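> Sharing a structure here in structure tokens format.
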Amino acid sequence: MLNTRKKLVKDKGATPTELDQEVAKALFDIEVSPSCDIKADLKDVYISGAKDVEVKHGVAMVVHFPFRVWKTVKKIQGRLIRELEKKFTRKHVVLVANRTILDKNFRRKGLKVRPRSRTLTAVHESILDDLVGPTEIVGKRTRISVDGSKLLKVILDPKDKDKENIESKLPAFAAVYKKLTNKEAQFMRQYNFVMAHEDHNRHKSSNVMASSMLNTRKKLVKDKGATPTELDQEVAKALFDIEVSPSCDIKADLKDVYISGAKDVEVKHGVAMVVHFPFRVWKTVKKIQGRLIRELEKKFTRKHVVLVANRTILDKNFRRKGLKVRPRSRTLTAVHESILDDLVGPTEIVGKRTRISVDGSKLLKVILDPKDKDKENIESKLPAFAAVYKKLTNKEDKGATPTELDQEVAKALFDIEVSPSCDIKADLKDVYISGAKDVEVKHGVAMVVHFPFRVWKTVKKIQGRLIRELEKKFTRKHVVLVANRTILDKNFRRKGLKVRPRSRTLTAVHESILDDLVGPTEIVGKRTRISVDGSKLLKVILDPKDKDKENIESKLPAFAAVYKKLTNKEAQFMFPTA
């Protein structure tokens, strides 16, 4: 078992999966086998992980090796694959080295030069060589479709046709490459490629697409070659049909118009279809918006059609993109204003009002031109406009809708405050919560109540009594009170700060959360235990004076579960033993 562990080293002490352990054991068994001819080479070889990838009619097992041992693995790749496939029958085995990609911001990591081998393109090229090994690649072709999507055709050496059962592995190579790089690829033999090319030339005339299909494609251009959906294709076809219709009075305008996508948005009592147009054609679309909507609604009955232009929002870090000035039309506010104008078009907006609720949520009231009330069936589209605007702008960040639990806790807090027998009335006057959530604990539930940091000083004074009062209201729940704190990462200067307060670091915030959730009990000691696999466990020792107070003993598992939920760190809470 100990020797098996030597064959598996996970990154950053991550927990090994069952498959990782099986592959490590198989590697060790191959090494100690008397008939093994790669014994010497396998001595210092170990894996960093393994995973299964589903392939048509089977499964491919991808085994990852640290880059430092890859030179050795490369020499024995073919024989090692054969040995592993004997151990894992019905699985195609693929060996790949771990490589790190450095993006264009490599200087932040203290590097002056980015090695060419660490670019995205170079790493993807190397992955390609790894997964087909020991077979060699003799050619590559990139096919770009009309919609902009790319397909990489990888031509393998025909000499290796019958070796290693390569022919049956071609679909596995494609699936694994897609999984690792998110790129489409097709693997083939050289003779297959030549035959396919000749066959294409021989039957070129019979394989030409119908002109209507070709023209339909011209009406749809997806961003970055994304795969068009069925709805995209239906809308593109409808647009083409409208254009070629003899009775169409917007023929000339539609000639150069195409869409970038379409999607359905659920509305109360129906569906709204949002059609997106590239900004470069929007000026033309705007002129014929009303008539185009009518034509599309004839094609898509029972759907409200909304036309919107694609616009790019530039955030405050626009200088990184090489821009000196951010156009006002590219700000978040300006883009949302433009979306509003687009979706109600051709109706005009004559007024806007913003209503701010007690909980901080905002509601924008948009007043449309009453002259258009009876035109284009606008009255029935108002709920659709609201749903689409919500979908496209997600205007609900600040003042998010409170959950049922939030409202229950707020009501309980108010009831405690107005209770005649309440001895913390004065302190609760200016106290309010920012949210509450339940955390599942073994044999129960813990309720975490979050308070804004500005009121935490007051809450801290009455923490013990407030917990008791809330636990009377929420029986069978352990109540934990925590302050909201903001963590500033190492890039704090982007937010206009010259110095990062020590209290805003990740470590400091996690320490404060620890103090909050055990309050009013005090922490008298901490120990960090590091396991063999690198995982850490924080042991938190509480003041023994409070052992019998506030029913703390029964809350220890709740503290651990909540701390794990809030910080993603393991902790064990205990009282010191005599």
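Where a number appears in this text, it was derived from the coordinates with a stated rule and is not lab data. Everything numeric in this text was worked out from a predicted model, so none of it was measured. Glycine also receives a Cβ, built like all others from the backbone with ideal geometry; neighbour counts cover every protein chain displayed.
> Filter 371/391; 365/391; 7/75; 263/371; 87/159; 539/564 down to the pairs with a C-alpha to C-alpha distance above 20 Å, please.
Working: 371/391 27 Å; 365/391 16 Å; 7/75 18 Å; 263/371 30 Å; 87/159 27 Å; 539/564 13 Å.
From the list (371/391; 365/391; 7/75; 263/371; 87/159; 539/564), the Cα-Cα distance tops 20 Å for 371/391; 263/371; 87/159.
> Right, next: How would you classify the chain from its alpha-carbon gyration tensor, with a ≥ b ≥ c the square roots of the eigenvalues: rounded for a/c under 1.5, else prolate if a/b is greater than b/c, otherwise oblate?
oblate
> Next question. Lysines near residue 6 by alpha-carbon distance under 16 Å, same-chain residues fewer than 8 away left out - which ones?
Reachable lysines: 25, 39, 43.
> Another question, then. So what's the back-of-envelope 222 nm ellipticity for the chain, counting only DSSP H runs of four-plus at -39500 (n - 2.57) apiece and dividing by all residues, rounded to 500?
It lands at -11500 deg cm²/dmol.
> Something else: Given axes a ≥ b ≥ c from the Cα gyration tensor, I'd like to know whether region 404-574 is rounded (a/c under 1.5), prolate (a/b larger than b/c) or oblate.
Details: a/c = 1.88, a/b = 1.23, b/c = 1.53.
Oblate shape, in that a/c is at least 1.5 and b/c is the bigger or equal ratio.
> Taking R0 as 45 Å, what's the FRET efficiency between residue 330 and residue 32 from their Cβ-Cβ distance, rounded to 0.05?
Values: r = 64 Å, r/R0 = 1.42.
Efficiency, from the Cβ-Cβ distance: 0.10.
> Okay, moving on. Within region 400-454, report the GluC sites (Glu not before Pro) that DSSP leaves as loop and that have at most 12 other Cβ atoms within 10 Å.
Answer in residue order: no site qualifies.
> Strictly over 30 Å apart at the Cα level, which of 178/303; 222/255; 425/498; 316/352; 140/237 would you flag in this model? Present the calculation step by step, with values, prior to reporting the outcome.
Details: 178/303 36 Å; 222/255 18 Å; 425/498 41 Å; 316/352 26 Å; 140/237 34 Å.
Pairs exceeding 30 Å: 178/303; 425/498; 140/237.
> Can you give the extra length, in nm with one decimal, that the chain gains between residue 437 and residue 505 once fully stretched, where that is 0.36 nm per residue apart less the Cα-Cα distance?
Working it through step by step, the gained length comes to 22.0 nm.
> If you put +1 on each Lys and Arg Cβ and -1 on each Asp and Glu Cβ, how big is the dipole of the chain around its Cα centre, in Debye rounded to 20?
2540 debye
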